[in-house]
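The values are calculated or read from the model by the stated rules, or taken from the named source; none is laboratory data. Quantities reported herein were computed from a predicted structural model and do not represent experimental measurements. Cβ placement follows ideal geometry from the backbone for every residue including glycine, while neighbour counts extend to all protein chains displayed. Ligands, DNA and RNA are excluded from the accessible area calculation, which covers all protein heavy atoms including side chains. Shrake-Rupley method; radii C 1.70, N 1.55, O 1.52, S 1.80 Å.
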Amino acid sequence: MARRLAENPNTSILVLEAGGDDDVPEIHAADAWVANLASARDWSFVASSNFHLNNRAIALHMGKVLGGGSSINAMHWSRGHKSDWDRLASDVQDPDWGYASVLGLYKRIEDWHGIPDPQYRGEGGLVHVEPAPVLSPLPLAWMEAGNTLGMPVFENQNGNIMEGPGGTSMADVCMKGGKRMSIFRAYLYPIMDQPNVTVLTKAFVTRVMFEGKRATGVECVVNGQQRRFTASSEVILSLGAVHSPKVLMQSGIDDPEELRRFGIPIIQELRGVGRNFQDHAMVAGSIYECPESLETANIPHGVIPQANTFMRTSTLRDSPDIQLMQLGLPFASEDLSKRYLIPQKAWTMLTILARPRSHGRISLTGGNPGDPVVIRANTLSDPEDLTTLATAVRMVDEIAHSAALKPFVKRRVAPGSLTSASLEGDIRNSIISLNHLTCTAKMGNDAESVVNSRLQVHGVENLTIADGSVLRQVTTGNTMAPCVIIGERAAASIKQRHSV
């Protein structure tokens, strides 16, 4: 948004970032991305203990650095399925959010460095995207195995594969020459020397200031000092699905009963703030030990994304409900690692619930900015989510034991059994978050919507939200790319409203 709004030299843009800058080796080196998790560059949220996960409290990672999640994530570029966007457009009654419109925008912003595909891919845009490098023969064998079982192989994961029931391909990633290409580096970094752009780090926004119903600026803490910044045109919250609703609540926008509990003056009643929390739950993991005879050069390795599969667990579905990501090393949740002896010479297939039915909520614990929120993720609270994951894990095992993957599989390490009770227990113990926290300030016109289709907060003036919290349903696949679309749409809306 800052990039697009700053295209008019008469505008003045202030970007406030709670974290620091991104000049960190672990950010720039693509294969070091895991080192950013639980570091100073991560908010390191933790969801409440969850009965449906055997009372486990799972970590929720979110970027606390210039570039946000795009500076600490695994660099996946997943546009979302056609049905995601068409359903959103229908729900909010705005065709600009439909697949045809969004596809055109993706093509304009993308600089695709794979096999040319002018119908679906763009060249010359700001966002560098390329196919993940093939680190071993394993992903190619995985794609061959899936193809023999009815999952066709596509040239890339963001073409016509996202218009049908699914398939497999190498992952699309925002990296170049082994270096991360974050959204911050693509959009904002090149214009930071412009006189109409100011970027302030270590600035933790705590509250939106109002005159009546009009947003006039923000309060924040900068290097431990309380400061206020006024905005003549628009205040834009891009704090993510945890802090955007938190700031709204602490600014007096929420269910009035909740605000009264903490002595927060009511600015606008919006009962949907913090509700509808969604995330992609991931089974970590389906782990397969490699045969001892496997040549060293053929041992899968690294944490760079490899094969990427979207599939249906039922032919009654018209679009994928599962995403699979192949990882070239053994990877299991802490609880699953306690149960099984995980060999070093192994690989993992991560099974991800692409369309979760379970929803949660973000709630305040107090009225002060330093008071933490409670994140009730409610993962697997809907029984159908567990059933879907169990079906998918069995399908993964069928693929893993196909002829194409025979050279790479000595035995299944985890889960230990595929019988219902045992498998369900292993899934509950293996679930971790894919850190796609979304939907807590959803777009629309129903009673629990927080913003309209132009991303303006209902009932107040000059306040926009532009991050994953405005989605109504988490998109199929990783959420970085859809968040870029949200930013582009927000900027276009603001430019139109303020004639800039």
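Values as computed for the structure displayed
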| quantity | calculated |
| --- | --- |
| Arg261 versus Ser417: modelled label distance in nm, points set 7 Å from Cα along the beta carbon direction | 4.2 |
| Å² of accessible area per residue within segment 170-278, as computed with a 1.4 Å probe and no ligands counted | 43 |
| Total formal charge among the other residues, if their Cβ is under 15 angstrom from that of Pro131, Lys/Arg +1 and Asp/Glu -1 | -4 |
| Surrounding net charge for Leu405, when Lys and Arg each add one and Asp and Glu each subtract one, Cβ distance under 12 Å | 0 |
| Whole-number percent relative contact order across the chain, with pairs defined as alpha carbons under 8 Å at least 6 apart | 20 |
| Square roots of 5 times each gyration tensor eigenvalue, C-alpha, the chain, largest first, Å | 38, 25, 21 |
| Karplus 3J(HN,Hα) series, Hz, for segment 2-11 with 6.51 cos²θ - 1.76 cosθ + 1.60 (x for Gly, Pro) | 4, 4, 5, 5, 6, 5, 8, x, 8, 8 |
| Cross-link partners of Lys179 among aspartates and glutamates (Cα-Cα below 20 Å; sequence separation of 8 or more within a chain) | Asp21, Asp22, Asp23, Glu26, Asp31, Asp42, Glu110, Asp111, Glu123, Glu130 |
| Crossing angle, helix 480-498 versus the chain [Cα axis fit, 0-90 degrees, rounded to tens] | 20 |
| Rounded accessible area per residue of segment 338-400, 1.4 Å, Å² | 41 |
| Solvent-accessible surface ranking, highest first, for Thr464, Thr419 at 1.4 angstrom | Thr419, Thr464 |
| Nearest 10 degrees, 0 to 90: helix 138-148 Cα axis against the chain principal axis | 80 |
| Within the accessible area of the chain (1.4 Å probe), percent carbon and sulfur | 50 |
| Estimated 222 nm signal from helices in the chain, with DSSP H stretches of n ≥ 4 weighted -39500 (n - 2.57), rounded to 500 | -6500 deg cm²/dmol |
| Nearest-ten-degree value, helix 99-109 long axis tilted from longest Cα axis of the chain | 90 |
